[in-house]
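Have a look at the structure below before the remarks.
The values are calculated or read from the model by the stated rules, or taken from the named source; none is laboratory data. Please read all numbers here as calculations on a predicted model, not as lab measurements. Because the Cβ atoms are built from the backbone with ideal geometry, glycine has one as well, and the counts that use them run over all protein chains shown.
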Amino acid sequence: MAVTRADVSQRLAEIGRRFDQRGWMLGTSGNLSGVIEREPLRLAITPSGTPKGELSADQILEIDVSGTVIHGIGAPSAEARLHVEVIRARGAGAVLHTHSIWSTLLSDRHAAQGGLAIEGYEMLKGLEGVTTHEHREWIPILENDQDMPRLAARLQQVFIQHPTCHAFLLRRHGMYTWGDSLAQAVRHVEIVEFLLEATARADQLASGDAGERTRPGQA
C-alpha cells in the first residue's frame, strides 16, 4: 500500500510526543523523518525549532533531496542532510534522532575510542537481524560539527567502515538510528536508548562498588 504524506506526518507527530514524554526529545531537540517517495526522494520531516511534544501533523514538512521545502511552513533542521545520507547508505524508510541524557554522556565518554561496544544484553535481539544476546553491537561516535557537508562526508566513511551498525552518536549531542519503516525505526530507538542507559548505569554501579571497596578506614 502506498505511503501518503498525511499518514507519515501523523505518525511523526505521534512519535515526537511519545519520545518527548520519555525524555528523549526535550525542548526543541531532535528530528524525525520518514520517506514518502524514493524516486525522486521526498521526505516528511519535523520542522526546526519546534517542541516535539507539541507537534501536530500539519506542522510536518515535506522536503526534497536537497532539503528544499516542498510542502509546509518553516524550515527543516540543517541535519536533514544527515537523514538523506542515512537513507542513501542504508536504504532506510525512516530516520529518528534523539537527544537523551545517556546518549549525550556516553558519546563524550567514549569519543576517544571512536565508538561504543555493547554486548551480552538480551535486548540486543530487538535490533533488526540480531538473533542472539551474544551479538556485539558497535555504535560509532562522530565529532559534532555545524558544517553539514563535512559531517555528512564523515558519516559516509563510518558506514563504509561499519556496514552493520544500527545507530551512531554525535559527541555531546545525541543518537541517530533508522529502520526500513517507521515502526522498525521506533523499535530501534527504544532498544538503543535502553542499551545506552543500561551501559551507563552499569558503569555507575561499578564505580560505586569500587568506591566502597577503597573507602578510607575500611578493612
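Within segment 127-148, restricting attention to residues that are in a strand (DSSP E or B) and touching an Asp or Glu at 6+ places or on another chain (Cβ under 8 Å), the residue that is nearest to residue 189 (Cα to Cα) is 137. Consider segment 31-65 and keep the residues that are among the small types (Gly, Ala, Ser) and surrounded by fewer than 24 Cβ atoms within 10 Å (Cβ to Cβ). The one that is farthest from residue 184 (Cα to Cα) is 49.
No other residue among 116, 151, 124 is over 14 Å from the mean Cα position of the chain (by Cα), touching a residue at least 12 places away in the same chain (Cβ under 8 Å), farther than 22 Å from residue 19 by Cβ and not in a loop (DSSP other than H, G, I, E, B) apart from 151. Candidates in segment 81-110 are the residues that are part of a helix (DSSP H, G or I) and in contact with a Ser or Thr (Cβ under 7 Å, 6 or more places away or on another chain); of these, the one that is farthest from residue 154 (Cα to Cα) is 106.
Please work out which residue is surrounded by the most Cβ atoms within 10 Å (Cβ to Cβ), limiting yourself to segment 167-213 and to residues that are of a type outside the set (Phe, Trp, Tyr), under 10 Å from the mean Cα position of the chain (by Cα) and within 22 Å of residue 112 (Cβ to Cβ). Here the residue is 192. A single member of 26, 12 is surrounded by 24 or more Cβ atoms within 10 Å (Cβ to Cβ), closer than 26 Å to residue 197 by Cα and aliphatic (A, V, I, L, M), and it is 12. Counting the residues of segment 183-202 that are without any contact (Cβ under 8 Å) to a residue 60 or more places away in the chain and either over 21 Å from residue 20 (Cβ atoms) or of a type in the set (Lys, Arg) (or both) gives 2. Do we find that residue 106 is surrounded by 20 or more Cβ atoms within 10 Å (Cβ to Cβ) and more than 23 Å from residue 32 (Cβ to Cβ) in this structure? It is false that residue 106 is surrounded by 20 or more Cβ atoms within 10 Å (Cβ to Cβ) and more than 23 Å from residue 32 (Cβ to Cβ). Close contacts from segment 91-108, counting a first residue that is more than 11 Å from residue 189 (Cα to Cα) and a second that is in a helix (DSSP H, G or I) and of a type in the set (Asp, Glu), with Cβ to Cβ under 6 Å and a gap of 6+ residues or different chains, come to 102/197.
Listed by first and then second residue, the pairs with beta-carbon distance under 7 Å, at least 6 apart or on different chains, first residue in segment 22-44 and under 15 Å from residue 182 (Cα atoms), second at pLDDT 95 or above and among the hydroxyl-bearing types (Ser, Thr, Tyr), are 31/46; 32/46; 43/33; 44/9; 44/33. Taking segment 159-191 as the range and being more than 21 Å from residue 111 (Cβ to Cβ) and in contact with a Ser or Thr (Cβ under 8 Å, 6 or more places away or on another chain) as the test, the residues that pass are 185, 188, 189.
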